[in-house]
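The values are calculated or read from the model by the stated rules, or taken from the named source; none is laboratory data. The structure displayed is predicted, hence computed values, not measured ones. Positions of Cβ are generated from backbone atoms using ideal geometry, with glycine treated the same way; all protein chains shown enter the neighbour counts. When the accessible area is computed, the model is the full protein with side chains, heavy atoms only, and any ligands, DNA or RNA have been set aside. Shrake-Rupley method; radii C 1.70, N 1.55, O 1.52, S 1.80 Å.
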Amino acid sequence: MLMQGFANFMWLLSLALILFSGFALLDAAVRREDAYRAADKKTKPFWLIILGLAFVVNLIFNILSFLPIIGLIATIVYMVDVRPALRQVMGKGGGRRGSSSDGPYGPYNGGR
């Protein structure tokens, strides 16, 4: 019973890794090529190859081997470093716009 629970947990973890790397691959595919250059990150084909390999490795190999761990590291690097930089360059999310005195309803001018 304990082994069955562990096997189920590992299967769910493997599925989560496949979905995570698949999301990162799709996200990298829909970003514009010039955004990668503007964000000073590697090229779009580079990230598509790396994330594609991570996705395929997660599909083929067991999570207890070292290759899915390497793929997970590459996916995490894309998600926490490259993706926010691309979003900032493309103008979606990533950072606050406006002045530091802006409130939720516009700029605060101190009652002037």
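Annotations
- The stretch 1-97: chymotrypsin sites (Phe, Trp or Tyr not before Pro) in DSSP coil with no more than 15 other Cβ atoms inside 10 Å: Phe61
- Given a 1.4 Å probe and the protein chains as shown, Ile60 ends up with an accessible area of around 120 Å².
- Value of Rg to Rh for the stretch 1-47, rounded to two decimals, is 1.32; Kirkwood radius and Rg both from alpha-carbon coordinates.
- R0 of 35 Å, Cβ-Cβ distance Ile69-Ala38: FRET efficiency to nearest 0.05: 0.65
- Area accessible to solvent at Arg37, 1.4 Å probe radius, in Å²: 150 Å²
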